[in-house]
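S.K.: Provided herewith is a single structure, encoded as structure tokens, for subsequent inquiry.
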Amino acid sequence: MDPSKLEIEVRSREVWESFDLGTKLIQEYWNLIYKPWLIICLSWVLLLFLIFNQQPTIVSLIFWWTFPIAERIVLLILSRAVFSNHLSTKESLYLWVKNLGKGIFGTLLFYRLSSIRSFRMPVEILEGSERSKRESRIPRMLQGTNSGMSYFTILFAHLEGLIYVGLFFIILSFIPQALMPESKFQLHNLDEFELPMWINWMMNGVYFITIIIFRPFYVAGGFCLYLRQRIVHEGWDIELCFRSIGKRALQASALILICLLSNNRLEAEEIQHVPAGLEAFTQDIADDILASKDFEHKKVTTRRLKLFDNKDTDRNNRTSHSSNPSIFILFLASIVKWVFIIFIVICFVTLLIQSHQFAKLEIKRLEEERLDSDPTRKLNAIQQEDWPEDILQAAQHSYANGEIREALSLLYRSSLAQMGGRYSIYFPGSYTEDECLDVVSKTAPQHLLPYFKNMLHCWTYLAYGHQSPSESHFHVLCEQWKECFTKDEHES
């Protein structure tokens with residue numbers, strides 16, 4: 001590495017300023033980076049999809065685990081670009097294949113979860129030293145960073161996660177509701193919850209897009225921190241200063257030599273024949289110049305020193321604050337920081353309140369399930385109603401008087417009460433029509449299922465669609481009710 005060829009300013013930077021420089025490098029050389037980067041990433045994703053097209057979880061896991069190998073091409077392109085060597089796409093891919101085997105097992109096994117992975121990569125790939133020397137060099141190179149690389153890794157991981165979740169929900173909001181799954185998601189029944197395959201692949205696609213777009217910034221941040229440590233520990237800035245001084249000194253000495261060779265030396269005889277009047281005249285001029293005020297060195301200064309001059313101090317502070325724009329930026333950053341902290345505290349308190357309310361509801365639900373499992377509580381509110389002596393005749397009478405909703409409601413509720421009393425089937429008051437049908441299909445005798453489906457069909461059309469069943473349909477429904485429950489009553 002020749003520091004004189006660097007396209008960035010060679011100086012000592014703060015740790016976080018190095019990460020900002022990495023972002024600037026990606027913006028500067030994006031046309032050199034993203035083309036070969038996309039070729040490698042998309043090719044690898046396509047290969048994994050062809051092999052594991054029915055297992056999206058395995059595809060995302062393998063892609064995440066082997067991703068550090070693809071990150072090397074970003075490092076190789078940046079390491080040449082900052083030294084004024086801009087590679088083409090073909091040269092970049094060739095260089096990536098050439099360095100593919102360097103430390104591949106350590107990268108994928110021992111250091112895959114390392115928080116300083118993007119800082120290790122330049123030491124491992126660019127320097128190419130032996131493993132023992134490399135392991136002893138990395139801790140020395142990290143001196144003075146105050147764990148900045150680890151904090152940067154943690155911050156970047158959270159940033160990628162937030163972008164992934166936000167992008168996923170944005171895309172999800174544009175999907176029509178008719179295409180969404182009709183699964184009943186319940187916290188106490190997660191084993192039966194399964195997402196469709198296309199949603200799993202959509203989640204993987206959003207993850208791939210997030211990684212492919214933003215991961216080069218992480219690699220560039222580690223590389224710029226590596227350059228910062230090389231500048232600090234090896235004194236690249238001092239070396240360049242001495243090179244500049246030597247270059248200027250060489251130019252000055254060459255100029256002096258040319259002047260000496262071009263001037264003609266005065267002969268001794270001409271110097272001795274200088275007129276006496278000219279020498280006296282020049283001496284008078286020199287005396288007049290030395291006697292002027294500019295060369296008068298006598299000066300008397302009287303000044304009072306105040307140890308505590310608050311007004312001057314405040315004036316100087318105001319002047320420095322107004323003349324330094326970074327003070328305003330720091331003040332604005334502190335305001336943003338405290339607003340963010342207050343927002344996090346509010347979110348945390350809201351989460352605690354909601355968790356407390358959720359816990360109360362969950363405890364109440366578990367208590368209800370425990371009580372519902374008690375055989376002595378199997379009789380529900382429907383079974384305890386006062387029923388007419390002849391339910392079927394009462395329903396037909398209501399239908400004949402135009403009270404169709406009351407007629408169907410009587411048949412529906414009496415059906416639930418009959419099944420609860422005869423077959424010990426419990427229907428909680430919060431159950432919907434579909435949940436009641438699900439319970440009947442699993443626990444009730446099979447000859448009740450066609451009637452109950454027909455009953456629910458008529459009831460839902462009337463209750464939600466305001467469509468009354470025809471007289472013949474209602475007659476068939478009454479006959480089915482009579483066949484199901486009066487037959488069971490005679491048999492019992």
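The values are calculated or read from the model by the stated rules, or taken from the named source; none is laboratory data. The model shown is predicted, which means the values in this text are computed figures rather than measured ones. Ideal geometry is used to build each Cβ from the backbone, glycine not excepted, and the neighbour counts take in all protein chains shown.
S.K.: Looking at segment 72-85, is at least one residue among the aromatic types (Phe, Trp, Tyr), more than 30 Å from residue 196 (Cα to Cα) and either assigned by TED's automatic domain parsing to the domain that holds residue 148 or modelled with pLDDT under 90 (or both)?
M.R.: Within segment 72-85 (the criterion being among the aromatic types (Phe, Trp, Tyr), more than 30 Å from residue 196 (Cα to Cα) and either assigned by TED's automatic domain parsing to the domain that holds residue 148 or modelled with pLDDT under 90 (or both)), the answer is yes, since at least one residue qualifies.
S.K.: Looking only at segment 190-235, which residues are surrounded by 18 or more Cβ atoms within 10 Å (Cβ to Cβ) and modelled with pLDDT under 75?
M.R.: If the condition is that a residue be surrounded by 18 or more Cβ atoms within 10 Å (Cβ to Cβ) and modelled with pLDDT under 75, then no residue fits.
Conditions tested, residue by residue: (1) at pLDDT 75 or above; (2) among the small types (Gly, Ala, Ser); (3) surrounded by 15 or more Cβ atoms within 10 Å (Cβ to Cβ).
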| residue | (1), (2), (3) |
| --- | --- |
| 322 | no, yes, no |
| 330 | no, no, no |
| 389 | yes, no, no |
| 392 | yes, no, yes |
| 427 | yes, no, yes |
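S.K.: Could you grab me the full set of residues in segment 412-424 that are within 18 Å of residue 454 (Cβ to Cβ) and under 53 Å from the mean Cα position of the chain (by Cα)?
M.R.: Once the filter is applied, which keeps residues that are within 18 Å of residue 454 (Cβ to Cβ) and under 53 Å from the mean Cα position of the chain (by Cα), segment 412-424 yields 412, 413, 416.
S.K.: Is there any pair with a first residue in segment 430-445 that is over 13 Å from residue 415 (Cα atoms) and a second that is surrounded by 12 or more Cβ atoms within 10 Å (Cβ to Cβ) whose Cβ atoms are under 6 Å apart and which are 6 or more apart or on different chains, and what are they?
M.R.: Partner pairs satisfying both residue conditions: 441/449; 443/425.
S.K.: Please work out which residue is farthest from residue 200 (Cα to Cα), limiting yourself to segment 8-56 and to residues that are over 24 Å from the mean Cα position of the chain (by Cα) and aliphatic (A, V, I, L, M).
M.R.: For segment 8-56, the residue satisfying everything is 10.
For (1) farther than 24 Å from residue 73 by Cβ; (2) in contact (Cβ under 8 Å) with a residue 12 or more places away in the chain; (3) assigned to a helix (DSSP H, G or I); (4) touching an Asp or Glu at 6+ places or on another chain (Cβ under 8 Å), each residue gets a yes or a no:
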| position | (1), (2), (3), (4) |
| --- | --- |
| 113 | no, no, no, no |
| 119 | no, yes, yes, no |
| 125 | no, yes, yes, no |
| 135 | yes, no, yes, no |
| 151 | yes, no, yes, no |
| 154 | yes, yes, yes, no |
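S.K.: Could you please find all residues in segment 36-69 being among the β-branched types (Val, Ile, Thr), surrounded by 12 or more Cβ atoms within 10 Å (Cβ to Cβ) and in contact (Cβ under 8 Å) with a residue 24 or more places away in the chain?
M.R.: Passing the criteria: 39, 40, 45, 59, 66, 69.
S.K.: Can you tell me which residues in segment 66-99 are assigned to a loop (DSSP other than H, G, I, E, B) and either more than 22 Å from residue 29 (Cα to Cα) or aromatic (Phe, Trp, Tyr) (or both)?
M.R.: 83
S.K.: Check residue 102 against each of (1) in a helix (DSSP H, G or I); (2) surrounded by 12 or more Cβ atoms within 10 Å (Cβ to Cβ); (3) basic (Lys, Arg) and name the one condition it does not meet.
M.R.: (1)
S.K.: Among the listed residues 416, 411, 462, 477, identify the single one that is in a helix (DSSP H, G or I), in contact with a Ser or Thr (Cβ under 8 Å, 6 or more places away or on another chain) and either loosely packed, with under 14 Cβ neighbours inside 10 Å or not assigned by TED's automatic domain parsing to the domain that holds residue 365 (or both). Don't jump to the end; show me each part of the working.
M.R.: Working: 416 fails: in contact with a Ser or Thr (Cβ under 8 Å, 6 or more places away or on another chain); 411 fails: in contact with a Ser or Thr (Cβ under 8 Å, 6 or more places away or on another chain); 477 fails: in contact with a Ser or Thr (Cβ under 8 Å, 6 or more places away or on another chain).
Step by step, each of 416, 411, 462, 477 is checked, and only 462 is in a helix (DSSP H, G or I), in contact with a Ser or Thr (Cβ under 8 Å, 6 or more places away or on another chain) and either loosely packed, with under 14 Cβ neighbours inside 10 Å or not assigned by TED's automatic domain parsing to the domain that holds residue 365 (or both).
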